[in-house]
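Asks: My questions will all concern the structure given below.
The values are calculated or read from the model by the stated rules, or taken from the named source; none is laboratory data. Small disclaimer: the values here were computed from a predicted structure and weren't measured. Note: ideal-geometry Cβ built from the backbone for every residue, glycine included; neighbour counts use all protein chains shown. We work out accessible area using only protein heavy atoms, side chains counted, and drop any ligands, DNA or RNA first. Shrake-Rupley method; radii C 1.70, N 1.55, O 1.52, S 1.80 Å.
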Amino acid sequence: MATTNTTDATTTTTATAATDQQQKQQKESDVYDRQIRLWGAEAQKKIQNSKVLYLHVTGSSSEVLKNLCLAGIAATICDPRPASALDSSPCFFTHPTNNNSNNSDEDQENPTKKQKIKYDSVAHAVRPLVEELNPLLGSCPILTKDISTLTGEDLIDFAVVIASQIPLEESVRISKLVPNGCIFYTIDCFGMRGASIIDLGGKEFKYRPEQGKKLLDPIPIKDYVSLPDMVEVPLHKAINRFHKKGPPPTWVMYRSLLEYQRQTTRWLGDGGNNDDNAAAAAAKKIIQEFLKNEQVTMTENDLNDLITAGMAQVAPVCAVLGGMVGNEIIKIISGKGEPANNTILLDGGACKAWTFLVKAKE
Amino acid sequence: MFHKIQTSNILCVGAGGIGCELLKDLALSGFRRVQVIDLDTIDISNLNRQLLFRSQHVGMPKCTVACEVATNMVPPLTLPSDDGNDDDDDEKPTNNDNNNTSNNLPSILYQAHHGNVCDTSKFNVPFVKQFDLVVNALDNVEARRRVNRLCLAADVPLIEAGTTGYLGQVTVIHKSSGVACYECTTQETQKVYPICTIRSTPSMPVHTIVWSKELYKLLFHSKVDDSMLFEDPEGEEPSTYMAAVSNLRNSEEDKDGLLFSKAVRDVLHDLCSTEIQKQLDMGRYKAAKKTPTCLDVSILEKGMTAITPPSSTTDIWSLEESVTALATCLREAQTTPNENLLEEFDKDDDMAMRFVTAASNLRSSVFGIEPLQSLYSAKGIAGNIIPAIATTNAICAGLQILQAFSILKRQLMLEQDRSSGGEKENGDDVAGLQLDKSCFYVNCIRNRTRNGLYLTAVPLEKPNPNCFVCKNAVIPLTLNVNEWTLQELLHRVIKGRLGFEEPTLMLQGDFIWEEGDGADEEEFKMNLPKKLSQLPCGGIQHGTVLEIDDNSQSLNVCVTITHKDEWDGDEAPEDFPFVVGALPPKKKDDVENKPAAGAVAVSSTEPTKSVNADNNDDDDDVVLIIDEDEAKIDTVENGGKKMAAKRSIDENADGEKPTKKAKTKPSKEDNNVEVIEIED
């Protein structure tokens, strides 16, 4: 009925640019409508002005990537691993969609897609699909560097850096490199469980608590433990009044897997030799030794499950943890609501997840 | 176990926010046999969370696109050989692996059914029986009730989920596991408002928005008396505004538009001033907290002479601007050919939205209601838009699939037990799936509990013994048997409130009504206009037991009738009062809002809130504010009650047993909870 205003015949180029800008804004407010109604236009603006760097795209981090890209947070990817690394993870960026929609006139790249493209790296394989997921974000930059050569310079501009399947010593190193105000996150899923380590950057990190619908004035977080300090906390001391006897099993398992990687330089279960009895026994020995040093125990069942599954990722577990981490990062970027500090632990079998503060209890 | 996943048959109902996430998880987990039902097409506002859709898909059926995309996500079968690339990119997406025969696996088939799950001819009990389990990804109570009943009848496990903004919950329903069904707890079907609140005593922005939608109908609907604001010009009491309304409806295009402008002005003046003055004179607002004030004539005149209507969608229009906006809308409507003019409000129609925004703000200012609304926020209220984000949907869908794993594992164990020991079969059958032992009711919350939980899992609830759906409980019904006709009983109570689709009604073993497949409706048509007490077979009297049978849902229940002549205004709907369940207590008890134990149980079988009369003292008739295309959303359940339930979990100190009871506990506050959260 009401037709849109047609531009004047004497339109100058600047005016056209302005209309393009307007059209883009209109499209943005249409696409993001349902979430703007949740967190408000101001938060949406912050979201659209923020960038996240993904160090490795895995089953779990691809879920975060998907959630945040859809919400309007642009991604940069650093993942020089060979593209075949994707094959073993339940990542929906893995299998390119057959673009056989009916209106294929515009799909110039369609014929090329039919052939198997050999990508240089995971980042290159994932990029076209990320760009397709939310075209409003434009092109998705790739950081073509090895994780171990990243410098502080590379991390400027990012609100959050999310690492998945990177060695613990790299997490420690990078968490020290991130610039002020940047948050460092890890996310990993293993079997029916998953875990995240969070470094909010410093004790001056502030957020606005929510009280019902009311947003209160910013306050600093109560406890801050940096990631390097966190992983120095002996497991038997990582307890609180809700976990008196020992830390949550998921935290112990995550640390065990990271320790296995540190000692062997490979992830438990990589190469698909979980069934290999000798390898399993060796892994068991490494983990048992670690648990002994850390003065904690693990039930035989849990230990066996951990070794059988290794770092194998299960799609719904990745989806749940990826959704939770997505929510947390939106909290952090929008400054609304108390963020999780300093781990998120998921037990998919029990359908429970919680945040646990790793801090030495004296 | 992986073989079980690959060979099981899954039904996914809904391909929206949660549905897309479910299909992605199913595909990535290796499920090969999935059928999807959805009636919707893709809208641009879906793209922020429904990851399977792109902008080129807008307008296409959700289920078809979702199936196509999900099919391509199913991981190819990896062979021991090292060449890796075993997935030939075949033309047909249903065939992208060619090793299936060797492994005795079904081919990958994600099958789309573009249709409504409430279509009994297609989606019935035999249809549901072919599946190992059903996952729900729905957004409305009606369809959820339907799937609930089908799954109970077929005894197929159902994994239910719902999200609103940051909050979500997942639960499992299974008849023979002895757990609560969807209808064991109160479900709000639609948010309702009393007519008199809308017509004379609005107190919230939503009331004036409903009024404006009715005004839209009054001016543009081909049947003027469809509008709640319609007053009979021939009626005893002369209407203050109907003359101006019909004048405007009949106005012809005039050269300079002066006549038309006057007609518009008259309508606005009569509605915002003359009618208000009349009500004031009648003493309508003597006891009211706020007294309305007539719209200032100078504002009307200024607004009418201004030419440029307001254009901002996020700023609040001034009163003059609102008048100008309304006049502009009406002028546009006059020059629009009738076939292009919507008879009823639609939130996605630009003119209708401007009309409602402007009219509701004028009315809000007359009644001193705050805050006034921008077009953007008015759209949220008028269209009943529920905020939605990808993250919460991803979490809930993931939890659903995790529960699906538990169920399949149990099914696999039973299958193996059966095949290994024949003599034990009896014992196993008695044991059954026992999902009460392996599945959970899971809540997803925004702010952690005191002990840090973001996802809380508690055992599934036991069935409500008074649930007529899964426990076949007798339904107590109170009404006036001398006033109600069979037609009204069928329409308002049996189909409306109780959700039957093809009911057969019996009195003492004899049919008084029959419909559906093979029924002879003609034979019983004559009963429809009869008063209940005058029906054959002795009629429906005080104490009568009415039997309802619905084959389409495999449901058979009895209704015991209590006759009641006299009704207090606050007990039940005004025109044809009735109460399903026990009569509400005479006086509301503000200290203990929870009705007595018996009343809770009965009201729990109740789909709407009007039985909780203690919960709302001025409900006298029902007005649906729900926009057709968003009506699928269970508004208050999402926006109000469950939200309240979530809050109580947040505050729950130890996070143990996050009380689902909060859901059934009516609270005064719930009624005031806005249907959506607008930006804060």
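Asks: How far apart, in nm, are two points set 7 Å out from the Cα along the Cα-to-Cβ line at B:His563 and at B:Lys122?
Replies: For B:His563 paired with B:Lys122, the spin-label model returns 4.6 nm.
Asks: Considering only B:Met204, B:Thr308, B:Gln279, whose Cα is most displaced toward the positive end of the charge dipole of the stretch B:195-382, charges sitting on Cβ of Lys, Arg (+1) and Asp, Glu (-1)?
Replies: B:Met204
Asks: Let me ask something else about it. Given charges of +1 on the Cβ of Lys and Arg and -1 on the Cβ of Asp and Glu, with all other atoms neutral, how large is the dipole of the stretch B:319-384 about its Cα centre, in debye to the nearest 20?
Replies: On the way: 5 positive and 11 negative charges, 47 e Å.
Here the stretch B:319-384 has a charge dipole of around 220 debye.
Asks: Now for a different question. Checking buried surface per residue: for the stretch B:388-403, which residues lose a minimum of 40 Å² accessible area in the protein assembly relative to the chain alone (1.4 Å probe)?
Replies: Residues shielded by partner chains are B:Ile389, B:Thr391, B:Ile395, B:Leu402.
Asks: While we're looking at this one, here's another question. In this model, which of B:Lys379/B:Lys495; A:Lys118/A:Lys145; A:Lys66/A:Lys118 are farther than 21 Å apart at the alpha-carbon?
Replies: Beyond 21 Å: B:Lys379/B:Lys495; A:Lys66/A:Lys118.
Asks: Moving on to the next point. Using the Cα gyration tensor of the stretch A:221-334, with a ≥ b ≥ c the square roots of its eigenvalues, what is the shape: rounded (a/c below 1.5), prolate (a/b larger than b/c) or oblate (neither)?
Replies: oblate
Asks: In the stretch B:195-382, carbon and sulfur make up what percent of the accessible area (probe 1.4 Å)?
Replies: 51 percent
Asks: Rounded to a whole number, what % of the accessible area of the stretch A:217-338 do carbon and sulfur atoms account for, probe 1.4 Å? Mind showing how you got there, number by number?
Replies: Values: 2590 of 5470 Å².
Reported share for carbon and sulfur atoms: 47 percent.
Asks: For the stretch B:429-496, what class follows from the C-alpha gyration tensor (a ≥ b ≥ c being the square roots of its eigenvalues): rounded when a/c is under 1.5, otherwise prolate if a/b is larger than b/c, else oblate?
Replies: Because a/c hits 1.5 or more and a/b fails to exceed b/c, the stretch B:429-496 counts as oblate.
Asks: Please list the equivalent ellipsoid semi-axes of the stretch B:312-405, computed as the square roots of five times the alpha-carbon gyration tensor eigenvalues, in descending order and whole angstrom.
Replies: Result for the stretch B:312-405: semi-axes of 36, 19, 10 Å.
Asks: Binning every alpha carbon pair distance of the stretch B:195-382 at 5 Å from zero, what are the percents per bin?
Replies: P(r) for the stretch B:195-382, in whole percents per bin: 1, 8, 17, 22, 23, 17, 9, 3, 1, 0.
Asks: Counting Lys and Arg as +1 and Asp and Glu as -1, what is the net charge of the other residues whose Cβ lies under 14 Å from the Cβ of B:Phe500? Numbers along the way, then the final one.
Replies: Details: positive: B:Arg145, B:Arg146, B:Arg149, B:Arg492, B:Lys495, B:Arg497; negative: B:Glu142, B:Glu183, B:Glu501, B:Glu502, B:Glu514, B:Glu515, B:Glu547, B:Asp549, B:Asp550.
Here the count lands on -3.
Asks: Looking at chain A as a GNM with Cα springs under 10 Å, which of A:Asn341, A:Asn327, A:Asn293 has the largest mean-square fluctuation?
Replies: Of A:Asn341, A:Asn327, A:Asn293, the Gaussian network model singles out A:Asn293 as fluctuating most.
Asks: Also: Using only protein heavy atoms and a 1.4 angstrom probe, determine the accessible area buried between B and A, summed over both sides, in Å² to the nearest 100.
Replies: 6400 Å²
Asks: Can you pull the Kirkwood radius for chain A, inverse mean 1/r over Cα pairs, to one decimal in Å?
Replies: Answer for chain A: a Kirkwood hydrodynamic radius of 22.2 Å.
Asks: Right, here's the next one. Taking the solvent-accessible surface of protein heavy atoms with a 1.4 Å probe, what is the per residue accessible area of the stretch A:204-362 in Å²?
Replies: 45 Å²
Asks: Sort B:61-69, A:53-61 by packing, meaning the average of other beta carbons within 10 Å per residue, with the highest value first.
Replies: A:53-61, B:61-69
Asks: Let me ask something else about it. For the stretch B:1-50, which whole percent of the accessible surface, found with a 1.4 angstrom probe, sits on carbon and sulfur atoms? Numbers along the way, then the final one.
Replies: Values: 520 of 1040 Å².
Carbon plus sulfur share of accessible area: 51 percent.
Asks: Based on DSSP, what percent of beta bridges with both residues in chain A are antiparallel, to the nearest 5?
Replies: Percentage antiparallel, nearest 5: 55.
Asks: I'd like the mean, over residues of B:48-56, of how many other protein chain beta carbons sit within 10 Å of each residue's own Cβ.
Replies: Other-chain Cβ atoms within 10 Å of each residue's Cβ, averaged: 6.
Asks: Identify, among B:Thr335, B:Met228, B:Pro371, the residue whose Cα sits farthest towards the positive end of the charge dipole of the stretch B:195-382, taking +1 on the Cβ of Lys and Arg and -1 on the Cβ of Asp and Glu, with the dipole about the Cα centre.
Replies: Farthest towards the positive pole: B:Pro371.
Asks: Could you please state, rounded to a whole Å, how far the C-alpha centre of the stretch A:157-177 is from the C-alpha centre of the stretch B:17-43?
Replies: 34 Å
Asks: Taking a probe of 1.4 Å, how large is the accessible area per residue of the stretch B:195-382, in Å²? Walk me through the numbers on the way to the answer.
Replies: Working: 8780 Å² over 188 residues.
Accessible surface, normalised per residue, equals 47 Å².
Asks: Follow-up question, since we're still on this one. For the stretch A:309-323, list whatever residues lose no less than 20 Å² of accessible surface once every protein chain is in place, relative to that chain by itself, with the probe at 1.4 Å.
Replies: Listed in order, they are A:Ala315, A:Pro316, A:Ala319, A:Val320, A:Gly323.
Asks: Same structure, new question: Which whole number gives the average, over all residues in A:330-341, of C-beta atoms from other chains lying within 10 Å of the residue C-beta? Display every interim value, and only then the final one.
Replies: Working: counts 3, 3, 0, 0, 0, 0, 2, 3, 3, 1, 3, 2.
The per-residue average across the peptide is 2.
Asks: Would you mind checking the tilt of helix A:249-264 against the longest principal axis of the Cα atoms of chain A, expressed as 0 to 90 degrees and rounded to 10?
Replies: Tilt relative to chain A: about 90 degrees.
Asks: Is the shape of the stretch B:237-319 rounded, prolate or oblate, going by the alpha carbon gyration tensor and its root eigenvalues a ≥ b ≥ c, with a/c under 1.5 for rounded and a/b larger than b/c for prolate?
Replies: Values: a/c = 2.72, a/b = 1.30, b/c = 2.09.
Oblate, since a/c reaches 1.5 and b/c is not below a/b.
Asks: Take each of the peptides A:64-75, B:522-533, average the number of other beta-carbon atoms within 10 Å over its residues, and list them starting from the highest.
Replies: Packing order, densest peptide first, comes out as A:64-75, B:522-533.
Asks: Also: Give me a single rounded figure for B:64-77: the average over its residues of other chain Cβ atoms within 10 Å of their Cβ. List each step's numbers first, then the result.
Replies: Working: counts 0, 1, 0, 0, 4, 4, 2, 3, 8, 9, 1, 8, 3, 0.
Mean partner shielding for this stretch: 3.
Asks: Relative to the first principal axis of the alpha-carbon coordinates of chain A, what is the inclination of helix A:59-71, with its axis defined by its Cα atoms, in degrees from 0 to 90 and to the nearest 10?
Replies: For helix A:59-71, the angle is close to 30 degrees.
Asks: With the contact rule set at Cα under 8 Å and sequence spacing of 6 or more, what percent relative contact order holds for the stretch B:195-382?
Replies: Details: 249 pairs, mean separation 53.4, N = 188.
It comes to 28 percent, rounded to a whole number.
Asks: Could you tell me which residue out of A:Gln165, A:Cys189, A:Leu136 lies farthest along the dipole of the stretch A:124-260 toward its positive end? Charges go on the beta carbon: Lys and Arg +1, Asp and Glu -1, centred on the Cα centre.
Replies: A:Cys189
Asks: Cβ neighbours within 10 Å, averaged per peptide: list B:335-341, B:235-241 in order, most packed at the top.
Replies: B:235-241, B:335-341
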